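Working notes, structure below.
Throughout, read-outs are computed from the coordinates displayed, never taken from laboratory work. Source: prediction; values computed, not measured. A quick note on method: Cβ atoms are made from the backbone with ideal geometry, for glycine too, and the neighbour counts reach across all protein chains shown.
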Amino acid sequence: MNFYRHLLPQGGRHYGQWLETLVISLAALLLSYSTLPDDPFNAHIFPWVWMAPLLIALRYGVLMGIVSVLIFLAGWLAWSVGRGQGYDMFPRLTFIGGTLMVMISGEFCSGWLIRMRRIRELQHYTEQRLELLTRRLYLLSLSHDRLEQDLIGRPASLREGLKELHRVMPTEQGLPGAQLYLSLVVRQCNLSVAGLHAVVNGKISLQPAAEVGAFTPVDDNDPLIAHCMESGKLVHVNIEENLIRLPSRYLVAVPAKTAEGHIVAIMAVEKIPFFALQSENMQTLSVLTSYYADTIAASEFSPFLTDKLKDCPIDFFKAMHTLGHLQHDMQISSMLVGFVASDNTESAELLKFIASAVRGLDETWTLTRGDLRICMVLLPLTRESALGGYLERIERIFVERFGRRLGQAGIRTRSVALDQNQVNVMLENFILALTQRQP
């Protein structure tokens, strides 16, 4: 598989490269033949015609360059038959030199295209993680502010509502937790009449998955709804002047858009108090809806969680699944580190400190198995050579904070690189290795 990608770095489904190779090669031969009919392959002068396969190899890699050389070979056979020349007139040195030049150029192209794909995959993953972290930070700030303001009058905090939403997600089909989510949004954003509709393959389901108030089913031809689906962003009647003039019975339309850019649902608001239609409340509504979309996307991995992994956080498992694909497709390594100690109050505090000393992209999972407590840290985009730096940093912070090293505190460490196997099988095997007693 890696050899195939090395030969075709653009991918086998990029059919235009075959057509472009054929057209450029034939055009170069015809141009050279029209200029030098007695020496179309430039065997006795500087081989200008060989610039065509050279450029093809630089653009599409080794295989396309060889295809261009084969077209040249077929062209020579046709030209020699037409002129009645034999095989002894074949320009061996010209073709050997041209082929070597094309292969070297193709190797250069393949190396750089693969490197660019790796960089794009890394950027895509970090952008997704940054988007998720930004949403979580805003939700944390929002939950803190609402809890501080409404502690007496409204004891149910935003954080508790989100936890309840997480619990119901894996147990429902279709658009899970729709009514619970809508109730949460109505309470936090002060909506009066609203409905939530699923979006499947870019089409809005006509029947609402959840509704509040006297809500009428959404019309996908409504200008506000159509603009929301096209832009992929929250839209309300005051956002653009041209929307005010268009007939729409909705005031706000919000897409439930995941970090990957997929719209899984759309919420239409028919009635909302006037003072609630302001920028801060709209931002809260947008972030809550995006959080709901990310929760739905993460809940798709719940069927893969076996009985031994039923307490695994969905975000942790999803991150492992994504990074496993990156390792398989682009050979971008990631590491999984486990810290193990006896299950007691002291070790719980120590492992809690380790879990809090992670980087922005890292994911953690603290679990208990028997009389052991385990803290697993997923290090995305980390090679084995960088693992030592992470462990040294944890060791140094640990000594500064507690005055002793990990081993002196009874904490064992173990690490493994993500491989191409199934994530759940690998995770089970790693937990089993962590819980085995040292001789």
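Over the Cα atoms of the stretch 303-435, compute the convex hull volume and normalise it per residue, giving Å³. Walk me through the numbers on the way to the answer.
On the way: hull volume 13.1 nm³, N = 133.
Taking the convex hull of the Cα positions in the stretch 303-435, it is 98 Å³ per residue.
By the scheme Lys and Arg +1, Asp and Glu -1, what is the net charge of all other residues having a beta-carbon under 14 Å from that of GLY232?
Overall, the nearby charge balance is -1.
Just to check I understand the Karplus step: with θ = phi - 60° and J = 6.51 cos²θ - 1.76 cosθ + 1.60, what whole-Hz values come out for the stretch 274-287, glycine and proline as x?
With coefficients 6.51, -1.76 and 1.60, one gets 4, 6, 8, 8, 10, 4, 5, 5, 5, 5, 4, 4, 5, 5 Hz.
What is the set of long-range amide H partners of LYS271 at a cut-off below 5 Å, with H atoms built 1.01 Å from backbone N?
SER192, VAL193
Can you compute the modelled spin-label distance between GLU300 and VAL399, with each label point 7 Å from Cα toward Cβ, in nm?
4.6 nm
Net charge near ALA214: determine it from the other residues with C-beta under 11 Å of the C-beta of ALA214, scoring Lys and Arg +1 and Asp and Glu -1.
Result for the neighbourhood of ALA214: -1.
In the neighborhood of PHE304, defined by Cβ-to-Cβ distances under 13 Å, what is the net charge if each Lys or Arg adds +1 and each Asp or Glu adds -1?
0
Given the Cα-Cα distance of ASP220 and THR345 and 0.36 nm per residue of separation, how much length would full extension add, in nm?
Extra length available between ASP220 and THR345 comes to 39.4 nm.
With a 10 Å radius around each residue's Cβ, average the other Cβ atoms per peptide and rank 175-186, 20-31, highest first. Please list the in-between numbers first.
Working: 175-186: 21.0, 20-31: 17.0.
Final packing ranking: 175-186, 20-31.
Any lysines with Cα under 30 Å of the LYS233 Cα? List them, leaving off those in the same chain fewer than 8 positions away.
Output for LYS233: LYS163, LYS203, LYS257, LYS271, LYS318.
If amide hydrogens are placed 1.01 Å from N in the peptide plane, which non-local residues have theirs closer than 5 Å to the one on ASP343?
Amide H neighbours of ASP343, under 5 Å, 5+ apart: LEU372, ARG373.
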